[in-house]
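The values are calculated or read from the model by the stated rules, or taken from the named source; none is laboratory data. Bear in mind the structure is a predicted one, so any value in this text is a computation, not a measurement. Here Cβ is always computed from backbone atoms with ideal geometry, including for glycine, and neighbour counts include all displayed protein chains. Just the protein is used for accessible areas: all its heavy atoms, side chains included, with ligands, DNA and RNA removed. Shrake-Rupley method; radii C 1.70, N 1.55, O 1.52, S 1.80 Å.
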Amino acid sequence: MKYRLLCIVLCVICVSCNSTKKPVNYDANPSVNFNRILQEEIGVDAESSVGLSLTVISPDLDIDFTGAAGFDSLKKDNLLNAEQPFRIASLTKVFVAAAIMRLKENNQLSLKDPISKYISQQHITIMKKGGYNPDQITIRHCLTHSSGLYDYAEGGPEYIETASQDSSKRWTRTEQLQFAMDNGKPHAAPGVEEHYSDTGYILLGETIETLTKTGLAEGLRSLLKFEELGMSSTWLESLEPRPENLLPSVKRYMGTLDTTNWDNSIDLYGGGGLASTTRDLSIFLQALFNGKIFEKEDTLPIMLLQKEYDANGKELPNQRLGFGSIKGKDSGIEVFLHSGFWGTLFLHFPAYNCSIAINDTNDGDNMITQRVIDYVQWLAERKQQK
């Protein structure tokens, strides 16, 4: 999702100047403004978004909005409902990272532990044959994408090409790990370079399974308190039952290719796999940043590299533990975020205690993120002036 991340960079850099390309007549009613933005960002050309779901929650700014506009598929035969769930793809990594931090809180692991301590002997052997030393790759390396592991999913075109030849194939974690070994080489020694890697996260998924002695679905659900938070529309698809009474899921696309019915094991074991709604995603971010998931005060600062990290006098890296981080050059405002392959995005601004989640039916061309952030900034400035 390089395009989407570029958009976010521009948003945060410009966050203090309210420079939307499509001006809106702001007023103090978030519902009116967000609904207007949603409607205006649904396009008519082939590259535009056909449907958008949005949730924005900021108790500090009196915002609690969930809405949708457009359609849930390229067929445009069903209006999109904001309560429709969708595959969130790589946003799952933030959940996995938070679960790892919960295990750390429970003294079940250290971020300095080698990944070899928690994965199967079969996987250790596969990695060694592939040119890696799993005894030198730590939990922290996997969390920060500095493991040197080749990304089986997006390191090259081979995985998507192979998966598209049999979209019903049920992939295993072992097959994905082997695919990484067969199609790429180590980028660098652990801790030396940052290379985004789903491979590291499927090993973290295995770590959660090992330490909780449950499946990954139950491990995430219990460690992250889904039920307690009321996240009733979030589940690890195909590894646990779909919650009852949910609306049909939003369709998923690669370009114009409908991939909705592809077996979700293509992206399941820690790098992706969760399905959710924008409402649940924003609830999760609010809980994570407001002390409702972690038990210890220092866990979130450690996750965000604000504690227990030796920067050697340098600025903190953009890649934190699960999150990416960007700070506005002019505003100094920091945002923690992650995007996903299927047109998903969520982000949190600690300065405003503001959580934003967006799903784009077809990952089309729009400026919704820019416009939502601009309006949130306008509300924040308005509040400061009172």
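Out of (1) touching a helix residue (DSSP H, G or I) at 6+ places or on another chain (Cβ under 7 Å); (2) of a type in the set (A, V, I, L, M); (3) open to solvent by less than 10 Å² (accessible area, probe 1.4 Å), what's the single condition that is false for ILE326? Only one criterion in (1) touching a helix residue (DSSP H, G or I) at 6+ places or on another chain (Cβ under 7 Å); (2) of a type in the set (A, V, I, L, M); (3) open to solvent by less than 10 Å² (accessible area, probe 1.4 Å) is unmet by ILE326, namely (3).
Confirm whether GLY205 is touching a residue at least 40 places away in the same chain (Cβ under 8 Å) and buried (at least 18 other Cβ atoms within 10 Å of the Cβ). So GLY205 fits the description; yes. In this structure, is ALA357 over 25 Å from SER48 (Cβ atoms) and not hydroxyl-bearing (Ser, Thr, Tyr)? It is false that ALA357 is over 25 Å from SER48 (Cβ atoms) and not hydroxyl-bearing (Ser, Thr, Tyr).
Tell me which residues, restricted to the stretch 351-380, are among the hydrophobic types (A, V, I, L, M, F, W, C) and either in a helix (DSSP H, G or I) or under 18 Å from the mean Cα position of the chain (by Cα) (or both). Within the stretch 351-380, ALA351, CYS354, ILE356, ALA357, ILE358, ILE368, VAL372, ILE373, VAL376, TRP378, LEU379, ALA380 qualify.
Scan the stretch 172-194 and give yes if some residue there is touching a strand residue (DSSP E or B) at 6+ places or on another chain (Cβ under 6 Å) and under 28 Å from GLN108 (Cβ atoms), otherwise no. Checking the stretch 172-194: at least one residue is touching a strand residue (DSSP E or B) at 6+ places or on another chain (Cβ under 6 Å) and under 28 Å from GLN108 (Cβ atoms).
In this structure, does THR174 turn out to be of a type in the set (Ser, Thr, Tyr), in a helix (DSSP H, G or I) and open to solvent by 30 Å² or more (accessible area, probe 1.4 Å)? Judged against the criteria, THR174 is a match. Residues in the stretch 135-153 that are of a type in the set (D, E, K, R) and over 9 Å from SER197 (Cβ atoms) were compared, and the one that is most open to solvent (accessible area, probe 1.4 Å) is ASP135.
Test GLY200 against the stated conditions and say whether it is in a helix (DSSP H, G or I) and touching a Cys at 6+ places or on another chain (Cβ under 6 Å). Criteria met by GLY200. Spot the failing condition for THR234; the list is (1) open to solvent by 60 Å² or more (accessible area, probe 1.4 Å); (2) touching a Pro at 6+ places or on another chain (Cβ under 9 Å); (3) of a type in the set (Val, Ile, Thr), and only one is missed. Failed condition: (1).
For every residue, the table says whether it meets (1) among the aliphatic types (A, V, I, L, M); (2) under 21 Å from TYR352 (Cα atoms).
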residue: PHE34; (1), (2): no, yes
residue: VAL56; (1), (2): yes, yes
residue: ASP64; (1), (2): no, yes
residue: GLY70; (1), (2): no, no
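Residues in the stretch 153-165: is at least one more than 21 Å from the chain's Cα centre (by Cα), polar (S, T, N, Q) and within 17 Å of PRO134 (Cβ to Cβ)? Checking the stretch 153-165: not a single residue is more than 21 Å from the chain's Cα centre (by Cα), polar (S, T, N, Q) and within 17 Å of PRO134 (Cβ to Cβ). List every residue pair whose Cβ atoms lie under 7 Å apart, where the two residues are 6 or more positions apart in sequence or sit on different chains, the first residue falls within the stretch 83-98 and is at positive phi, and the second residue, located anywhere, is assigned to a helix (DSSP H, G or I). Once the first residue is at positive phi and sits in the stretch 83-98, its partners that are assigned to a helix (DSSP H, G or I) give ALA89/ASP267. Filter the stretch 281-316 down to residues that are of a type in the set (Lys, Arg) and in contact (Cβ under 8 Å) with a residue 24 or more places away in the chain and give me whichever is most open to solvent (accessible area, probe 1.4 Å). Across the stretch 281-316, the extreme among qualifying residues is LYS292.
Would it be correct to say that ILE160 is in a helix (DSSP H, G or I), open to solvent by 10 Å² or more (accessible area, probe 1.4 Å), aliphatic (A, V, I, L, M) and in contact (Cβ under 8 Å) with a residue 60 or more places away in the chain? Yes; evaluated as a whole, the condition is true for this residue.
When ASP298 is tested against (1) modelled with pLDDT of 95 or more; (2) under 18 Å from ILE88 (Cα atoms), only condition (2) is not met.
From the list GLY200, GLY155, GLY184, GLY148, which one is in contact with a Leu (Cβ under 6 Å, 6 or more places away or on another chain) and at pLDDT 95 or above? Exactly one of GLY200, GLY155, GLY184, GLY148 is in contact with a Leu (Cβ under 6 Å, 6 or more places away or on another chain) and at pLDDT 95 or above, namely GLY200. The one condition from (1) on the phi < 0 side of the Ramachandran plot; (2) open to solvent by 20 Å² or more (accessible area, probe 1.4 Å) that GLY191 does not meet is (1). Those helices (runs of 4 or more DSSP H) of the stretch 23-134 in which 3 or more residues are polar (S, T, N, Q) and exposed (fewer than 15 other Cβ atoms within 10 Å of the Cβ) occupy 121-129.
Looking only at residues in the stretch 237-274 that are acidic (Asp, Glu) and free of Cβ contacts under 8 Å to residues at least 60 places away in the same chain, the one that is surrounded by the fewest Cβ atoms within 10 Å (Cβ to Cβ) is GLU244.
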